[in-house]
Every structure is written in structure tokens, then in C-alpha cells.
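What follows is a single structure, written as C-alpha cells, with notes after it.
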Amino acid sequence: MPSVSHFASHKPKPTDYRRAKNLRRDSTDGEQVLWHELRLATKTTGISFRRQHPIHPYIADFVCLNARLIIEVDGTSHDTRLDKDKTRDEALQKMGYEVLRFTNEEVLKNREGVVSAILNRAEEILKSKH
């Protein structure tokens, strides 16, 4: 696990917060659906997520900070950015996060399965910490 000083270097910048706010405003249909489902799940599971959360130099679509679990919802633009996504995932993993990726299509066509996979993984991580 990286040291605390390692994480301090990834402290969000003011521009990260502005970018995150714009991303929240311009979220995809898949992101909107997933956010609604994760907010509902928080009430029953107690596992909470943040939406478009800055982790400099990145903005995570969703993150459960307690579990250090990031959820990315990829649109068609990600089909041509696989190398960038891989580099980003590796950098986030070095910061101590696990990254789960789903497509917009997966979220829209199988929302229950996606939410179940996310919550199951978050629960596994949180149980392993205790």
C-alpha cells in the first residue's frame, strides 16, 4: 500500500473540481442510471459512492472512498482510447484504488447485474479490511 505522502501528491487542484462539476452536468445516460441506482443502494447497504470525484490528475466517474473502489462507465469514445484507459487504471492502482469498468450499454441493459457486481466487490474489499 502506498504511503500517505504518496497520496498527498495527488491532491485535487481547483481546476479538477470545476472539471468534475462539468462532467456531472454532462453525464451520459449510463452514468445517470448508475448514479440513481448507487444512491438507492447506499440506503440499504450503507456503502456510499461519490460521482465525478477528482483524484488528481484524473476524475473518477464513481468512487467508494472507504473501499478505494473506482467505477468507470465507458462510452464509445473509449473504444479508441484503450491504451489511455490502461495507463490510467495502472496509475490509479498504484495510488491504491481498484478500477471496475462497464460500458454505457452494460449499465443500460443490465443495471441490476452491474450494480450487484459493484456492491459485491465493494463489500468484499471492505470485509477484507476488517
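The values are calculated or read from the model by the stated rules, or taken from the named source; none is laboratory data. Keep in mind the model is a prediction, meaning the values are calculated, not measured. So basically every Cβ, Gly included, is an ideal-geometry build from the backbone, and we count neighbours across all protein chains shown.
Assorted remarks:
- A count restricted to region 83-119 and to residues that are closer than 14 Å to residue 66 by Cα and assigned to a helix (DSSP H, G or I) stands at 2.
- Cross-chain or 6+ apart pairs with Cβ under 8 Å, region 63-74 first and on the phi > 0 side of the Ramachandran plot, then surrounded by fewer than 22 Cβ atoms within 10 Å (Cβ to Cβ): 68/96; 68/97; 68/98; 68/125
- For region 86-113, the candidate set comprises residues that are under 23 Å from residue 54 (Cβ atoms), modelled with pLDDT of 95 or more and touching a helix residue (DSSP H, G or I) at 6+ places or on another chain (Cβ under 6 Å); within that set, the residue that is surrounded by the most Cβ atoms within 10 Å (Cβ to Cβ) is 107.
- So residue 73, is it touching a helix residue (DSSP H, G or I) at 6+ places or on another chain (Cβ under 8 Å) and outside any helix (DSSP H, G or I): yes
- Among the residues making up region 46-60, those that are out of contact with any Phe, Trp or Tyr (no Cβ under 9 Å at 6 or more places or on another chain), on the phi < 0 side of the Ramachandran plot and free of Cβ contacts under 8 Å to residues at least 60 places away in the same chain are 48, 56, 57, 58, 59.
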